[in-house]
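Here the structure comes first, spelled out in structure tokens, and everything after it is commentary.
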Amino acid sequence: MNTQEKRAWFILAVLAATLAVYLPLAFVTGFHVASLGVTGVFGLAGAAPLIGRREKAAGKPTFDERDSEIEKAATLAGYSIFWLALVLGIMVPFFILGPNAPVTIPMYVFPMLLVFASMIIFGIRALVTVVLYRRGSHA
Amino acid sequence: MPDSVQIKNKIRRLRFDHDEMTQQELANLAGVTRQTIVALEAGRYNPSLLLAFRIAKTFGMPIESVFELDQ
């Protein structure tokens, strides 16, 4: 398995672990704001670049033009889906509540948007990476 | 040119003709990962012109002797 593929699987595993911890806790606590704290588990995904260091140190090529193409396509997919989610997240309440509806948003929502944005971008990117490594031509 | 056009190659055959060179050895000489050689041999990846030249040079052959359009 390629280094990039291993990293993608690692990120997917961390994302699954995060959701596995967060969702039951959120249901048990009635989606209490404190349950959002466990989404910090997703920060472990930041350890993904540590994968493949041994191969790199051994002088083996670990990243080439095919990896670059897959990375570009996966990153584009990740940001595209995030953009779609952002547009829907803004426009759906707009059309449901109307343009003059008073809405109060607690401040914790803003940092949580960053967490969920990271989950969407890195999760989709990892998923597309895995799919493209297993599928046909990327050229 | 339609996207469905693939590039055929004789990499697997040439590896065996060159003292049964392993995929890893070819990958190291061409500066790519072994998985890319696997994908090339399986016809799942169309190489860049630069990589095609590097692989052809590794075998000491002109590029058209290693790669050809599959029409």
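Here, each number is a calculation from the coordinates, and none is a lab measurement. From a predicted model like this one, the values you see are computed outputs, not experimental measurements. Cβ: placed from backbone, ideal geometry, glycine included. Neighbour counts: every protein chain shown.
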Suppose R0 equals 35 Å. What FRET efficiency, 1/(1 + (r/R0)^6) with r the Cβ-Cβ distance, do B:GLU20 and A:LYS72 give to the nearest 0.05?
0.50
Dividing the mean separation of Cα pairs under 8 Å (6+ apart) by the residue count of chain B yields a relative contact order in percent of 44
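How high is the relative contact order of the range A:3-135, given as a whole-number percent (alpha carbon pairs under 8 Å, six or more residues apart)? Before the final figure, lay out each step's value.
Working: 98 pairs, mean separation 55.0, N = 133.
41 percent.
How large is the direction-averaged shadow of the alpha-carbon convex hull of the range A:3-135, in nm²? Present the calculation step by step, with values, prior to reporting the outcome.
Numbers: hull surface 40.3 nm².
For the range A:3-135, averaging the hull's shadow over all directions gives 10.1 nm².
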To the nearest 20 Debye, how big is the dipole of chain A about its Cα centre, given +1 on the beta carbon of each Lys and Arg and -1 on that of each Asp and Glu?
300
Identify, among A:ILE11, A:THR62, A:PHE110, the residue whose Cα sits farthest towards the positive end of the charge dipole of the range A:3-135, taking +1 on the Cβ of Lys and Arg and -1 on the Cβ of Asp and Glu, with the dipole about the Cα centre.
A:THR62
Between the DSSP loop rule and a limit of at most 14 other Cβ atoms within 10 Å, which chymotrypsin sites (Phe, Trp or Tyr not before Pro) in the range A:64-139 are left?
A:TYR108
Could you tell me how far the Cα centroid of the range A:66-115 sits from the Cα centroid of the range B:21-69, in Å?
41
Which one, A:ALA85, A:ALA58, A:ALA34, has the greatest fluctuation when you compute a Gaussian network model over chain A with C-alpha springs under 10 angstrom?
A:ALA58
Label A:MET107 and A:ALA47 with points 7 Å out from Cα along Cα→Cβ: what is the distance between them in nm?
3.2
For the protein assembly as shown, what is the calculated [θ] at 222 nm in deg cm²/dmol (nearest 500), taking -39500 (n - 2.57) for each run of four or more DSSP H residues and dividing by its residue count?
-19500 deg cm²/dmol
Selection from B:PHE67, B:ALA56, B:LEU29, by position along the positive dipole direction of chain B (Cβ)
B:LEU29
All Cα pairs of chain B, percent lying beyond 20 Å:
19
